[in-house]
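See below for the structure under consideration.
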Amino acid sequence: NQLKVISENTFNNLKKLEKLDLSENQFETIGFFNNLPKLKWLNLYKNNFKQIKKNTFESLTNLEYLYLSSNQIESIDENTFSSLVNLKMLILDFNNLKQINTNMFANLIKLETISLKSNQIESIEDNS
């Protein structure tokens, strides 16, 4: 696909949706994941994200698997994933992350797997 933009209301009526694959598109920003209370699996592999902002995944409290690999992510705001209390797997491979900030992974009490391979990480702050 070559999708670049999705309206914020695109998924509003999909209250029972559990799996969403938007991989291999051309998205540069994320901000269209409201009203998906049952979503457990989200694949955003191979898009064009450079930054992940704090409230991006705020409403996805049941999310268990999040794939953000092969983007161009350079930065992730502090506490971006903090509402994802059920997250088990977070994949951030093949991005341009240079630093792991304090509280980047705060509140991820069920996290079993995190993968950061093939980034450009130079430092990891305490309490990350």
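Structure above, values below:
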| read-out | value |
| --- | --- |
| Residue satisfying condition, being more than 13 Å from the chain's Cα centre (by Cα), surrounded by 15 or more Cβ atoms within 10 Å (Cβ to Cβ), modelled with pLDDT of 95 or more and not hydroxyl-bearing (Ser, Thr, Tyr), within set Asn71, Asn103, Asn86 | Asn86 |
| Checklist (1) assigned to a loop (DSSP other than H, G, I, E, B); (2) modelled with pLDDT of 95 or more; (3) open to solvent by less than 60 Å² (accessible area, probe 1.4 Å); (4) within 25 Å of Asn1 (Cα to Cα) applied to Ser118, failing item | (3) |
| Which numbered condition Glu24 fails, given (1) open to solvent by 20 Å² or more (accessible area, probe 1.4 Å); (2) within 23 Å of Ile121 (Cβ to Cβ); (3) of a type outside the set (A, V, I, L, M) | (2) |
| Members of the range 1-26 found to be touching a strand residue (DSSP E or B) at 6+ places or on another chain (Cβ under 8 Å) and small (Gly, Ala, Ser), listed by number | Ser23 |
| Residues of the range 89-100 satisfying the condition of being among the aliphatic types (A, V, I, L, M) and modelled with pLDDT of 95 or more | Met89, Leu90, Ile91, Leu92, Leu97 |
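The values are calculated or read from the model by the stated rules, or taken from the named source; none is laboratory data. Predicted model only: the values in this text are computed from it and were never measured. Counting neighbours? That spans all protein chains shown, and the Cβs are built from the backbone with ideal geometry, glycine included. The accessibility values were calculated without ligands, DNA or RNA, using every heavy atom of the protein model including side chains. Shrake-Rupley method; radii C 1.70, N 1.55, O 1.52, S 1.80 Å.
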